[in-house]
Amino acid sequence: MSTDTIRTTMDGDPNSFNPLEAQGVSAFIVDAFLYGTLVSRDPSGGLVGDLASDWEATPEKGVFTIREGATCSDGTEITPTVVADSLEAFISESRNKHIVFGPSDPELTVDDEAGTVTIELETPWADMPYGLTLPETGIICPAGLEDQEALAAGEADGAYSGPYTLDNYQPGVTVDFALREEYEWPEYETPLEGVPAATIKYAINGDYNSIANGLLTGTLDIANITGEPMERFDGNDDFNTERYPAAVQFIMFNEREGTPFAEEENRRAVAQALDREAFNQAATNGNGELLASFVPEEVQCALTDDTLLLPQDVDSSQSVLQDSEVIRQIGTQAVGPNGAGNSYVDQALRELGAEVELRNVDNTTWATELDSKPESWDMTVMALLNLSRTMYGGLSPFTGAAPEDGGRNSTGSEKNEVLERFSQAQAEPDEEKRCEIYQEIQQSLIDSAHLVPLSTLVAQATTADGFSVQVVDGTVQSKTMRITK
């Protein structure tokens, strides 16, 4: 082996090293390295044990057997009690709780002698096993739960249950991880080729041309890039590339009382002003797939018929938009080069007489402001990762509890009728009938312009010769990075 280090990038500082507070891509990457989950996604597409050696799950109940010999980074044994304490904190503190467990508060039962944690749900939730693969559900060891201020700052050294510890953090510069030799990796259906890196160095860099330069000049080994820089690796045999729908992009509105988009007429005006193809060209250089829903077609039961969308009607839009209030648009710079997709939306609305104030910000600032400053924005292009690749993972940013009430719904409009129908789907044993309900939900939300589907944001996992990483269900699994030379 010619190196023991992988050099890669993330596009901004993590907002926190506490998985209970995770917001944005960088935080999810960090969590995946520092914290083990009960189960993980297998590169084959199924599930594989991580901290759980075995499990049985129904929509109402899951029983997880904790792997013997699992330890925290300070040597503390990971027992069912340690797991349950962390999950209880997740249930009470994380805004992602509903993705994993649905609307009910789970009841956890610990049997340290048998080595099991039992999770019982009052309301059936078939997605629970997949939800428990999310990095945000990673098990925080006692040292982290006891001092969450230190945990958030990356200074709770004994907090980690995952394959790496935090070795060095310089804000705006680097996040480095050191391998825990004692960590037992999941037994993937097909073992990964190569070995885990002893050190992983993440440079903070959101400029994809710069990242492509780093790969081509040998200062980076693995990176995810998007937009035109992807094309610089076409036909280059020194690199392996795999494109995937990193995120889905759709217009999402602040629907709180008193905001312009609490009114359906205003939302419909935006929906009928926009051209998905023009947006896709601006945001992805035409590389994205046009969407007909808030989830990509890879998600089971996704709508794919674009004739069901609200038709473009600039005359109707103009009659509404030219008399509308100032529209405060916030966007992440990840939506195209320097936020070009956001700029297209801004321009399209301005051409029809709307007064728009656009702010393009970095991804972490964008994610934080959507949740913590509802008074500062009216509309955004949501670039949603949906790491769970579930229907509710797509719904959660605009249904359910608002962030100020402990949820993920940045719109502030709960849409209780949608949640009731979704709960019916989760309890429905017949897959075809469950799909019918899901499609009804998608159609009703589109018809009332609670969202405006646009396109996928295609990214490319790019690895230099001698390195590898797995793309699973349309998501790069960072902790599968390996050195193969």
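Listed here are the residues, each with its yes/no results for (1) in contact with a Gly (Cβ under 7 Å, 6 or more places away or on another chain); (2) among the β-branched types (Val, Ile, Thr); (3) modelled with pLDDT under 95; (4) surrounded by fewer than 22 Cβ atoms within 10 Å (Cβ to Cβ).
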position: 267; (1), (2), (3), (4): no, no, no, no
position: 270; (1), (2), (3), (4): no, yes, no, no
position: 276; (1), (2), (3), (4): no, no, no, yes
position: 280; (1), (2), (3), (4): yes, no, no, no
position: 283; (1), (2), (3), (4): yes, no, yes, no
position: 290; (1), (2), (3), (4): no, no, no, yes
position: 306; (1), (2), (3), (4): no, no, yes, yes
position: 309; (1), (2), (3), (4): no, no, no, yes
position: 323; (1), (2), (3), (4): no, no, yes, yes
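Only one of these is in contact with a strand residue (DSSP E or B) (Cβ under 7 Å, 6 or more places away or on another chain) and either surrounded by fewer than 21 Cβ atoms within 10 Å (Cβ to Cβ) or among the acidic types (Asp, Glu) (or both): 155, 93, 107, 113. Name it. Before you say what the answer is, go through the steps one by one.
Working: 155 fails: in contact with a strand residue (DSSP E or B) (Cβ under 7 Å, 6 or more places away or on another chain); 93 fails: in contact with a strand residue (DSSP E or B) (Cβ under 7 Å, 6 or more places away or on another chain); 113 fails: in contact with a strand residue (DSSP E or B) (Cβ under 7 Å, 6 or more places away or on another chain).
Unique residue meeting the criteria: 107.
Of everything in the range 327-340, what is in contact with a helix residue (DSSP H, G or I) (Cβ under 9 Å, 6 or more places away or on another chain) and either open to solvent by 50 Å² or more (accessible area, probe 1.4 Å) or free of Cβ contacts under 8 Å to residues at least 12 places away in the same chain (or both)? Give them in sequence order.
Passing the criteria: 328, 333, 337.
Read through the list (1) in a loop (DSSP other than H, G, I, E, B); (2) among the hydrophobic types (A, V, I, L, M, F, W, C); (3) surrounded by fewer than 20 Cβ atoms within 10 Å (Cβ to Cβ), then give the number of the only condition that residue 299 fails.
Every listed condition holds for residue 299 apart from (3).
Does residue 58 satisfy the condition of being among the hydroxyl-bearing types (Ser, Thr, Tyr) and modelled with pLDDT of 95 or more?
No, not satisfied.
Please go through the range 17-37 and pick out each residue that is under 26 Å from residue 244 (Cβ atoms) and either in contact with a helix residue (DSSP H, G or I) (Cβ under 7 Å, 6 or more places away or on another chain) or assigned to a strand (DSSP E or B) (or both). Let's see the steps before the verdict.
Let us first name the residues in the range 17-37 that are under 26 Å from residue 244 (Cβ atoms), namely 19, 22-37.
Of everything in the range 17-37, those that are under 26 Å from residue 244 (Cβ atoms) and either in contact with a helix residue (DSSP H, G or I) (Cβ under 7 Å, 6 or more places away or on another chain) or assigned to a strand (DSSP E or B) (or both) turn out to be 19, 22, 23, 24, 25, 26, 28, 31, 32, 35, 37.
Inspect the range 347-357 for any residue being on the phi < 0 side of the Ramachandran plot, surrounded by 20 or more Cβ atoms within 10 Å (Cβ to Cβ), assigned to a loop (DSSP other than H, G, I, E, B) and charged (D, E, K, R) and give the result as yes or no.
Within the range 347-357, not a single residue is on the phi < 0 side of the Ramachandran plot, surrounded by 20 or more Cβ atoms within 10 Å (Cβ to Cβ), assigned to a loop (DSSP other than H, G, I, E, B) and charged (D, E, K, R).
I need the full set of residues from the range 424-453 which are among the small types (Gly, Ala, Ser) and crowded, with 18+ Cβ neighbours inside 10 Å, in order please.
Let us first name the residues in the range 424-453 that are among the small types (Gly, Ala, Ser), namely 425, 427, 444, 448-449.
The answer is 425, 449.
Would you list the helices (runs of 4 or more DSSP H) that sit entirely within the range 69-150 and hold 1 or more residues that are aromatic (Phe, Trp, Tyr)? Step through it out loud before you land on a result.
Numbers: elements: 80-93, 97-101, 128-131, 142-146.
Helices (runs of 4 or more DSSP H) meeting the threshold: 80-93, 97-101, 128-131.
The values are calculated or read from the model by the stated rules, or taken from the named source; none is laboratory data. In this text the structure is predicted, and so the values were computed from the model without any measurement. Note that we place each Cβ from the backbone using ideal geometry, even for glycine, and neighbour counts take in every protein chain shown. Remember, those area values only see protein heavy atoms, side chains included, never the ligands or the DNA or RNA. Shrake-Rupley method; radii C 1.70, N 1.55, O 1.52, S 1.80 Å.
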